[in-house]
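Everything below concerns the one structure shown next.
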There are 2 protein chains.
Amino acid sequence: MNIGEAAKLSGVPPKTIRYYESVGLIREASRKTSGYRDYEPKDIEVLRFVVRARSLGFSLKDVCNLLALWNDTHRSSADVKRLAMERIGDIDERIAQLESMRATLSLLVAECHGDERSTCPILDGLSGNPAPHDCRGDEIKENSHGQVHC
Amino acid sequence: MNIGEAAKLSGVPPKTIRYYESVGLIREASRKTSGYRDYEPKDIEVLRFVVRARSLGFSLKDVCNLLALWNDTHRSSADVKRLAMERIGDIDERIAQLESMRATLSLLVAECHGDERSTCPILDGLSGNPAPHDCRGDEIKENSHGQVHC
DNA sequence: CTTGACCTTCCAGTGACTGGAACCCTTATG
DNA sequence: CATAAGGGTTCCAGTCACTGGAAGGTCAAG
């Protein structure tokens, strides 16, 4: 089957499938005489494995390890469990971080009346002191890098 | 003051300060005769504002907007409040996503005995069906892009 | 005078894609 | 048979927010 159908069946866009192949996550697909990649059902299962692991937050490197373990009938499940538990640790850390951000933002938002007046507890909170400022970031010029638009 | 001291006082690394300047987030620093950038206390406050906003998860674009609002003495606090509330929405979404990942991973980990046996409920869960597989990702070759190492 | 710490610019790489250009293959229709 | 639509192919560039490194200029101390 063509890459487009493989994409539909697996949920991985064609570009991404090619990308996964290019970085060696999945093996090179066989080709038809036309040069088109040709996929079989088992390739779809690999892609589905990848998409599930990615949706659980595993990095491509992790997924690569998981695929190797999946393919290794002699592997021990302990390795897999370790990877999964590391992931849970990362997730817990990230959640804690986000909750701390959320709490701070909520506090600031609660203090802000949100009307047309120019005093703003949120900006004051961000500035770290209550005095207003007049340093302007005007005259933004062209630059080699992409500009931050605002 | 030199960029190094500005970095220490603000908590933003020299490289990052130059980067912020290059993308137009902060204005171009004045220069000494040597060509070195020269910072004043008010620049440090801008950098501290940026670092606080970044730590709350605002993107550089958001920070750019916040700086503009901060500098605009005629602005309304409603704009700031809106930005902050959007951020809270994003954070809530991300937290929900992470908690769903966490729950799935916890389930899988709980089912996995994590010993030397080769059956692994985590891999089975990722594969979406309980049958074992033999598709090997061998013969990973050199490539123009960076390879995923495993 | 030399050392070492600091500064300068510029280019490249990160992760995990995604968009686009320029071109080839297949199939259906006028 | 020409052609147009809708696949596919490759390669290059861009995203975000930095970060590392090379190659070189400046400065203060010993």
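So how long is each side of chain B along the principal axes, counting just the alpha-carbon atoms, biggest first, in Å?
Dimensions of chain B along the principal axes of its Cα atoms: 69, 44, 27 Å.
Step through the residues of the stretch B:106-112 one at a time and calculate ³J(HN,Hα) from phi using the Karplus curve (6.51 cos²θ - 1.76 cosθ + 1.60, θ = phi - 60°), rounding each to whole Hz and writing x for Gly and Pro.
Values per residue, Gly and Pro as x: 4, 4, 4, 5, 4, 7, 8 Hz.
Give me the 1.4 Å probe accessible area per residue for the stretch B:3-47, excluding ligands and nucleic acids, in Å².
For the stretch B:3-47, the solvent-accessible area averages 56 Å² per residue.
Per residue of the stretch B:20-26, what does 6.51 cos²θ - 1.76 cosθ + 1.60 with θ = phi - 60° give for ³J(HN,Hα)? Whole Hz please, x for Gly and Pro, Karplus curve as stated.
4, 5, 5, 9, x, 6, 10
What lysines sit close enough to B:LYS42 to cross-link, taking a C-alpha to C-alpha distance under 24 Å and skipping anything fewer than 8 places away on the same chain?
Within reach: A:LYS141, B:LYS8, B:LYS15, B:LYS32, B:LYS61.
Calculate one ³J(HN,Hα) per residue across the stretch A:6-11 by plugging θ = phi - 60° into the Karplus curve 6.51 cos²θ - 1.76 cosθ + 1.60, and present them in order as whole Hz with x for glycine and proline.
4, 4, 4, 5, 9, x
I want to verify a result. In a Gaussian network model of chain B, Cα cutoff 10 Å, which of these has the top mean-square fluctuation: B:GLY11, B:GLY89, B:GLY128?
Residue with maximal mean-square fluctuation among B:GLY11, B:GLY89, B:GLY128: B:GLY128.
Would you work out what percent of the accessible area of the protein assembly as shown, with all protein chains in place, is carbon or sulfur (probe 1.4 Å)?
Looking at the protein assembly as shown in its full context, I get 51 percent from C and S.
Could you work out the pair-distance distribution P(r) of the protein assembly as shown from its alpha-carbon pairs, with 10 angstrom bin width and percents rounded to whole numbers?
6, 21, 21, 19, 19, 12, 3, 0
Counting only Cβ atoms, what residue of chain B lies nearest to the axis that sends chain B onto chain A, and how many whole Å off?
B:ILE95, 3
Please compute how much accessible surface disappears when B pairs with A, both sides summed, using a 1.4 Å probe, and round it to the nearest 100 Å².
Adding both sides of the contact gives about 7000 Å².
Provide an ascending nm list, one decimal, of label-point separations from B:ASP38 to the equivalent residue in each further copy; define each label point as 7 Å from Cα along Cα→Cβ.
Inter-copy label distances (nm, one decimal, shortest first): 7.2.
Any idea of the accessible area per residue across the stretch B:76-130, 1.4 Å probe, to the nearest Å²?
Working: 2780 Å² over 55 residues.
Here the residues of the stretch B:76-130 average 51 Å² of exposed surface.
What are the label-to-label distances in nm, one decimal and shortest first, from B:THR16 to the same spot in the other copies, with labels 7 Å along Cα to Cβ?
Shortest to longest, the spacings are 3.0 nm.
Collect residues whose amide H, placed 1.01 Å from N in the peptide plane, falls under 5 Å from the amide H of B:ILE26; neighbours closer than 5 in sequence don't count.
Hits under the 5 Å cutoff: B:GLU21.
The values are calculated or read from the model by the stated rules, or taken from the named source; none is laboratory data. Note that the structure is predicted; figures quoted are calculated from it, not measured. Heads up, the Cβs are rebuilt from the backbone with ideal geometry, glycines too, and the neighbour counts pull from every protein chain shown. Accessible surface areas use protein heavy atoms only, side chains included; no ligands, DNA or RNA. Shrake-Rupley method; radii C 1.70, N 1.55, O 1.52, S 1.80 Å.
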